[in-house]
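Trainee: Have a look at the structure that comes next, please.
The values are calculated or read from the model by the stated rules, or taken from the named source; none is laboratory data. For clarity, every value in this text was computed on a predicted model and none was experimentally measured. All Cβ positions, even for glycine, are placed from backbone atoms using ideal geometry, and neighbour counts span all protein chains on display.
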Amino acid sequence: MNWRRKTVEQCLAGAERNGLRRSLGGLQLTMLGIGAVIGTGIFVLTAIGAERAGPGLMLSFVIAGAVCTFAALAYAEMAAMVPISGSAYTYSYAVMGEFVAWIVGWNLILEYAVSAAAVAVGWSGYMAGLLESLGVPLPLYLKAGMFAVHGGGGVNILAAGSVLIVTCLLIIGTRTSAAVTSVLVCVKLAALGAFIFIILPRIDWAHFHPFMPFGFASHDVNGMAKGVMAAAALIFFAYVGFDAVATAAEETRNPNRNVPIGILGSLAVCTLLYVLVAAGAIGSTPYQQLVGNTEPLAYILRHLGFVTVGNLVALAAILALPTVVLMMLFGQSRIFFVMSRDGLLPEVFSRVHRRFQTPHVITAVTGCVVAVIAGLFSVSEIAELSNTGTLFAFIAVSVAVVVLRRTQPDRPRPFRCPAVGLIGTLAILGCGYLFVSLPGVAQGRFWVWTAIGAIVYLLYGYKRSPFAKPAPA
């Protein structure tokens, strides 16, 4: 398991030789985390989750949040101990070796890049609807990719354009993009706060009966996975993003203190909001009425007579969803940056801009690839596919923190995961259960993608790794 393993000291030394500017504080990290988490999951997937679990959606949010909390505690310990970019990839390299690290990094593409494209496409739908309501409808070939519809599609300019704008923000500077994210996070929090304030007093408890109409375990009902766990496996996507805070460790002031604050703070805020929003959504409107709705929160408010507030919530989603794209691109570019610095990807990808002190080459490349995907494709079942890579990474980090406690018990740990044996085990088992609760198609695609990654490593990374070079005489 320790084959081609980099020590923690080697990881830190590599960052010192080619590092990034430290400009972020604890509050900025928390806002970045909230910006990455609150997005498509709560604004869109609430309706799909209700279709799969009924009122049990509330329990689905709690289960997914609990599993993420266990994993977040493991992330916080590793991020404070190894405060450099790379997140799960770097931690796996330091504990379980190069091949495992490569596979983790490869599968993080499912979490970050592919998710960014999906969120951009979802945002473009909101934006196209707004333009149409203003009397400026876009033709089909400009709002749907050629592979997204059977005929008449071209390039989704809204989706591709939003990705390119966000990419430019990231190249200009982490602090600038963090400031923009903080403003838009406040917009999202205000929208969700207004929803909760209006909806909670109007809950009808009769809507919660029966609480689990499709049972607890995931099972197939007319071609759709249903049950509380089926919804939890999907809703897990709503929490994806808090780990992006760990990718910013190398750009953080006092990372030993601020990174755990950012990870745990953003997750705590989002979990509370999600449970309250789910309770309000299910309690105020029969879940059957939400099936197939692409803007459930706005729909609920309009249905209850708050048309103006509903429209404002929809507008807030339009303004705020790009922050999710920003954080997904941020995380992906930083992981590629470190993989390049380690020699597993071309060296050009780890170059840092002289003025902006950001990894501009890999950020630009990542942004362009995601823009092409968002502009041409409709990424069906993207949440479930994204979740497979994320769950795999969470399991890897949870294993790493437990192993490192045993192999290096005396290493300084600015943040210590409490009851690490229990928490680590619960994280591994919880992520594993969510993984097997996903549809078989998503699981199959994950293994195919992983096999492709292994081939890429054997053909390129294995030969170019620092471990493949002879030691100096």
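Trainee: Return only the number of the condition from (1) small (Gly, Ala, Ser); (2) within 22 Å of Trp123 (Cβ to Cβ); (3) part of a loop (DSSP other than H, G, I, E, B) that Ala371 does not satisfy.
Mentor: Every listed condition holds for Ala371 apart from (3).
Trainee: Another question about this same structure. Could you please give the count of residues in the stretch 21-43 that are outside any helix (DSSP H, G or I) and modelled with pLDDT of 70 or more? Spell out how you get there, then give the answer.
Mentor: Of all residues in the stretch 21-43, those outside any helix (DSSP H, G or I) come to 21-25, 38-39.
Still in the list and also modelled with pLDDT of 70 or more: 38-39.
Selection size over the stretch 21-43: 2.
Trainee: What number of residues within the stretch 409-420 satisfy the criterion of being touching a residue at least 60 places away in the same chain (Cβ under 8 Å) and not basic (Lys, Arg)? Give the derivation first.
Mentor: Going through the stretch 409-420, the residues touching a residue at least 60 places away in the same chain (Cβ under 8 Å) turn out to be 411-418, 420.
From what is left, the residues that are not basic (Lys, Arg) are 412, 414-415, 417-418, 420.
Residues that pass the stated criteria total 6.
Trainee: Could you please give the count of residues in the stretch 362-378 that are buried (at least 21 other Cβ atoms within 10 Å of the Cβ), modelled with pLDDT under 90 and among the aliphatic types (A, V, I, L, M)?
Mentor: 4
Trainee: From the list Val136, Val100, exactly one residue is at negative phi and part of a helix (DSSP H, G or I). Which is it?
Mentor: Just one listed residue meets the conditions, Val100.
Trainee: Identify, by number, the condition in (1) more than 27 Å from Phe336 (Cα to Cα); (2) without any contact (Cβ under 8 Å) to a residue 40 or more places away in the chain; (3) part of a helix (DSSP H, G or I) that Lys463 doesn't meet.
Mentor: Answer for Lys463: the failing condition is (1).
Trainee: Residues to consider are Val348, Val352; find the one that is of a type in the set (Val, Ile, Thr), modelled with pLDDT of 80 or more, within 22 Å of Ala79 (Cβ to Cβ) and surrounded by fewer than 24 Cβ atoms within 10 Å (Cβ to Cβ).
Mentor: Working: Val348 fails: within 22 Å of Ala79 (Cβ to Cβ).
From the options Val348, Val352, the qualifying one is Val352.
Trainee: Output the qualifying pairs, or none if there are none: Cβ atoms under 8 angstrom, residues six or more apart or on different chains, first residue in the stretch 194-210 and at positive phi, second residue at pLDDT 90 or above.
Mentor: Note: no pairs meet the criteria.
For every residue, the table says whether it meets (1) closer than 18 Å to Ala278 by Cβ; (2) in contact with a Leu (Cβ under 6 Å, 6 or more places away or on another chain); (3) exposed (fewer than 15 other Cβ atoms within 10 Å of the Cβ).
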site	(1), (2), (3)
Pro137	no, no, yes
Ala144	no, no, no
Ala160	no, no, no
Val187	no, yes, no
Phe208	yes, no, no
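Trainee: Looking only at the stretch 402-459, filter to residues that are of a type in the set (Gly, Ala, Ser) and more than 22 Å from the chain's Cα centre (by Cα); which one of those is nearest to Leu345 (Cα to Cα)?
Mentor: Of the stretch 402-459, the ones of a type in the set (Gly, Ala, Ser) are 419, 421, 424, 427, 430, 432, 437, 440, 442, 444, 451, 453-454.
Within this subset, residues satisfying the condition of being more than 22 Å from the chain's Cα centre (by Cα) are 419, 421, 451, 454.
Details: Ala419: 37, Gly421: 34, Ala451: 18, Ala454: 14 Å.
Among residues in the stretch 402-459 that are of a type in the set (Gly, Ala, Ser) and more than 22 Å from the chain's Cα centre (by Cα), the one nearest to Leu345 (Cα to Cα) is Ala454.
Trainee: Further question: So is Val275 surrounded by fewer than 20 Cβ atoms within 10 Å (Cβ to Cβ), touching a residue at least 12 places away in the same chain (Cβ under 8 Å) and of a type in the set (Val, Ile, Thr) or not? Spell out the reasoning first.
Mentor: Values: surrounded by fewer than 20 Cβ atoms within 10 Å (Cβ to Cβ): yes; touching a residue at least 12 places away in the same chain (Cβ under 8 Å): yes; of a type in the set (Val, Ile, Thr): yes.
So Val275 passes the test.
Trainee: Which condition from (1) β-branched (Val, Ile, Thr); (2) buried (at least 16 other Cβ atoms within 10 Å of the Cβ); (3) closer than 24 Å to Ala371 by Cβ is the one that Ile198 breaks?
Mentor: Checking Ile198 against (1) β-branched (Val, Ile, Thr); (2) buried (at least 16 other Cβ atoms within 10 Å of the Cβ); (3) closer than 24 Å to Ala371 by Cβ, the one that fails is (3).
Trainee: Working only within the stretch 398-427, note down all residues that are crowded, with 21+ Cβ neighbours inside 10 Å, under 17 Å from Ala66 (Cβ atoms), modelled with pLDDT of 90 or more and of a type in the set (A, V, I, L, M, F, W, C).
Mentor: Listed by number, the residues that qualify are Ile423, Ala427.
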